[in-house]
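One structure below.
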Amino acid sequence: MSAKLTTGQTAEIPGPKKAFLVPKPEVAASMINRARRPLLVVGSDATKVKTKDGDLVDTAIRMSRSKNITVAATGHLAGEFRRRGAVGVHGISIMELGDRLRDSGWSGLDVGGPYDLVVFVGLPYYLEWLILSGLKNSAPSLRTLSLDNTYHPNAHWSLGYSPHEEWIEILDRIVANLEEVG
């Protein structure tokens, strides 16, 4: 990560509560490791992002296997995960998922109980911003983490802005850390 943390935004004012910047990849991995029931939400832009594993779908599969994380694939991605042999992946519309996450009594995609941490990656910026804003105001006890390379002020934690190559390295370090801990 860069020496100085930056949000990459100078004028957006999302309200009195703004996302904390994740200072280093190990912190994000630790948050995911400590979560009782994390949910990884992978958006429709995941196939457009090249990573060390291939693309963001491959990195999400690697991340979900490392800690047995439930994956919510939005848009057309559920079929893409199935083609790559991923298990524990549920296809759902992001708007439907955002609405269900607000419900504290919802038993989750796999009927295992409510999630305590929702990790977002690969969604179009405006859509993720909207969902995170709704969750911040309607489900304040639900912790959210954005792994995108742009700052999401409505998340609880965000990686903030980083150049593409640096962001890919950060994602790889997060997944490697999750694999180490298992």
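Just a few scattered comments:
- Complete set of residues in the stretch 114-137 that are touching a Phe, Trp or Tyr at 6+ places or on another chain (Cβ under 9 Å) and either farther than 15 Å from T74 by Cβ or open to solvent by 50 Å² or more (accessible area, probe 1.4 Å) (or both): P114, Y115
- The test for being at pLDDT 95 or above and either touching a strand residue (DSSP E or B) at 6+ places or on another chain (Cβ under 7 Å) or of a type in the set (A, V, I, L, M) (or both) does not hold for L159.
- Residue list for the stretch 83-101, restricted to those being part of a helix (DSSP H, G or I), without any contact (Cβ under 8 Å) to a residue 40 or more places away in the chain and in contact with a Gly (Cβ under 9 Å, 6 or more places away or on another chain): G98, D99, R100
- The number of residues in the stretch 150-182 that are in contact with a Pro (Cβ under 8 Å, 6 or more places away or on another chain) and surrounded by fewer than 22 Cβ atoms within 10 Å (Cβ to Cβ) comes to 4.
- Criterion applied to A72, A78 was being at pLDDT 95 or above, among the small types (G, A, S) and either in contact with a strand residue (DSSP E or B) (Cβ under 9 Å, 6 or more places away or on another chain) or surrounded by fewer than 20 Cβ atoms within 10 Å (Cβ to Cβ) (or both), and the one residue passing it is A72.
- Residue satisfying condition, being among the basic types (K, R), surrounded by fewer than 18 Cβ atoms within 10 Å (Cβ to Cβ) and free of Cβ contacts under 8 Å to residues at least 40 places away in the same chain, within set K67, K50, K24, K17: K24
- Scanning the stretch 31-47 for residues that are more than 22 Å from G112 (Cα to Cα) and not acidic (D, E) turns up G43, S44, A46, T47.
The values are calculated or read from the model by the stated rules, or taken from the named source; none is laboratory data. Every value quoted in this text rests on a predicted model; they were computed, and no experiment measured them. Reconstructed Cβ throughout: ideal geometry from the backbone, glycine too, with neighbour counts over all protein chains shown. Calculation scope for accessible area: heavy atoms of the full protein, side chains included, ligands and nucleic acids excluded. Shrake-Rupley method; radii C 1.70, N 1.55, O 1.52, S 1.80 Å.
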